[in-house]
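Visitor: This is the structure, below, for whatever I ask next.
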Amino acid sequence: MAQRKAGEVEAFLSRPDTSFPVVLLYGPDPGLVSERAGQIVKLSGVDPGDPFASVVLAADELERDIGRLFDEARTLSMFGGRRLIRVRGAGNGKNLADAVVDLAADPPRDATIVIEAGDLKKSSALRANVERGRGAMALPCYPDEARALDKMIDEELAASNLSIDRHARETLRARLGANRLASRSEVQKLCLYALGKSVVTEEDVETIVGDVSADTVDETVDAAASGEVKRLPELIERLVSAGTSTFQLHSGLQRFFQQLQLMRAEVEGQGTPISAVVEKRRPHFRRKPALEAALSAWSGEAIAAVLQRIETDILLSRRENVLGMTIMRRTLTEISVEAARRRTRARR
């Protein structure tokens, strides 16, 4: 079977086997998938900026016109040499999965096809067809483990002639997100900040590398629960770019409404003013307005319904991993719209 285990992928990329012209990269971290696809592009020897030798195709467009993939794969380069076809956004589309069977059985002689996909289950047709194909290779890409993250940090530091002390490294690791490209970008920013030094300190890390993912999760949850519908799209995009997992978002949303449920019981059961209930919890000053707005908008019964909805969506996301972020967007948007309606009715 043409596949590698997650721990074998880096070794494969350092000594690529060119007998596999069709390469599938898949996993939950789009940054890592994209970075490794970029490595294969470099190893192919094709200039990705040459429009006569390289083309990027969207998987959803191929589902409507799969013939385009075969045309590109069988087309000879105008000036000779190999061609590169990069397919992005692949998932469980049937036409692409079927096309891979033909391309792997009869690989194009002078083309490299790189397919980037989300977290495919073992039963996924695309993944299964690539793994069975004679001329295809499947490479799983999973979020950085400590050793892989340290390797990336060391690569960037070495390129800038910098070293890092132990405490600074631990702080840096804790602040990097799940997205490989976003994490590398943060380390590069740190190296630029420390230019002229020989050692990166913990103070340098704390000054320049922010825990953006965690902060944005809180902002997104606050915006949804308090009805700030217009802010949501931008906040969600920031989380997607940072590679934030849907589990982290769902957990943050669930904790917020669980806390809100306890507070609302105090308001409804004891008649305590909302401001006093919020003050007792001593929230961060930036989150206080959203907490007060949400507590005013949601009744105890409505909060219970939202918590049930969140639990249902968490289970659905686990069963349909590829659709996890779509489900999360819908959850956040619908909760935010409902919160906005409740606040409007309360003001009348």
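Visitor: Could you grab me the full set of residues in the stretch 287-310 that are touching a residue at least 40 places away in the same chain (Cβ under 8 Å) and of a type in the set (Lys, Arg)?
Guide: Across the stretch 287-310, the qualifying residue is only Arg287.
Visitor: Please name all residue pairs, on different chains or six or more residues apart, with Cβ atoms under 9 Å, provided the first residue is in the stretch 1-29 and is on the phi > 0 side of the Ramachandran plot and assigned by TED's automatic domain parsing to the domain that holds Asp106 and the second residue is at pLDDT below 65 and outside any loop (DSSP other than H, G, I, E, B).
Guide: From residues that are on the phi > 0 side of the Ramachandran plot and assigned by TED's automatic domain parsing to the domain that holds Asp106, the pairs are Gly27/Ala6.
Visitor: Quick one: which residue in Asp17, Asp47 is over 28 Å from Val322 (Cα atoms) and at pLDDT below 80?
Guide: Step by step, each of Asp17, Asp47 is checked, and only Asp17 is over 28 Å from Val322 (Cα atoms) and at pLDDT below 80.
Visitor: Would you please name the residue that is nearest to Gly31 (Cα to Cα), looking only at residues in the stretch 172-206 that are among the aliphatic types (A, V, I, L, M) and part of a helix (DSSP H, G or I)?
Guide: Applying the filter and picking the extreme gives Leu181.
Visitor: Could I ask something else about it? Only one of (1) over 13 Å from His250 (Cα atoms); (2) in contact (Cβ under 8 Å) with a residue 24 or more places away in the chain fails for Asp313. Which number is that?
Guide: Exception for Asp313: condition (1).
Visitor: May I pose another question? From the set of residues in the stretch 296-348 that are acidic (Asp, Glu) and over 27 Å from Pro273 (Cβ atoms), which is nearest to the chain's Cα centre (by Cα)?
Guide: In this case the residue turns out to be Glu320.
Visitor: Restrict the check to the stretch 72-81 and report whether at least one residue is closer than 24 Å to Leu181 by Cβ and of a type in the set (Lys, Arg).
Guide: Checked the stretch 72-81: no residue is closer than 24 Å to Leu181 by Cβ and of a type in the set (Lys, Arg).
Visitor: So, in the stretch 40-71, how many residues would count as being under 22 Å from Ala97 (Cβ atoms), surrounded by 13 or more Cβ atoms within 10 Å (Cβ to Cβ) and under 29 Å from the mean Cα position of the chain (by Cα)?
Guide: So the count comes out to 11.
Visitor: If you don't mind, there's one more thing I want to ask. For the stretch 115-159, how many residues are surrounded by 17 or more Cβ atoms within 10 Å (Cβ to Cβ) and more than 30 Å from Ala58 (Cα to Cα)?
Guide: 3
Visitor: Taking the stretch 230-272 as the region of interest, how many residues are part of a loop (DSSP other than H, G, I, E, B) and either at pLDDT 90 or above or more than 22 Å from Gly300 (Cβ to Cβ) (or both)?
Guide: Summing the residues that are part of a loop (DSSP other than H, G, I, E, B) and either at pLDDT 90 or above or more than 22 Å from Gly300 (Cβ to Cβ) (or both) in the stretch 230-272 gives 4.
Visitor: What are the pairs with Cβ atoms under 6 angstrom where one residue, in the stretch 252-275, is in the same structural domain as Met328 (by TED's automatic domain parsing) and the other, located anywhere, is modelled with pLDDT of 90 or more and among the polar types (S, T, N, Q)? Sequence gap at least six, or different chains.
Guide: Going by the 6 Å Cβ cut-off, the qualifying pairs are Ile274/Ser296.
Visitor: Is it the case, given these coordinates, that Leu103 is under 30 Å from Gly45 (Cβ atoms), surrounded by 16 or more Cβ atoms within 10 Å (Cβ to Cβ) and in the same structural domain as Ala59 (by TED's automatic domain parsing)?
Guide: yes
Visitor: Which members of the stretch 175-189 meet the condition of being farther than 16 Å from Thr244 by Cβ and touching a residue at least 24 places away in the same chain (Cβ under 8 Å)?
Guide: Arg184, Val187, Gln188
Visitor: Does the stretch 311-331 hold any residues that are closer than 30 Å to Arg347 by Cα and surrounded by 20 or more Cβ atoms within 10 Å (Cβ to Cβ), and which are they?
Guide: Answer for the stretch 311-331, where residues must be closer than 30 Å to Arg347 by Cα and surrounded by 20 or more Cβ atoms within 10 Å (Cβ to Cβ): Met328, Thr331.
The values are calculated or read from the model by the stated rules, or taken from the named source; none is laboratory data. Every value quoted in this text rests on a predicted model; they were computed, and no experiment measured them. For neighbour counting, all protein chains shown are included, and Cβ atoms are generated from backbone atoms with ideal geometry for every residue, glycine included.
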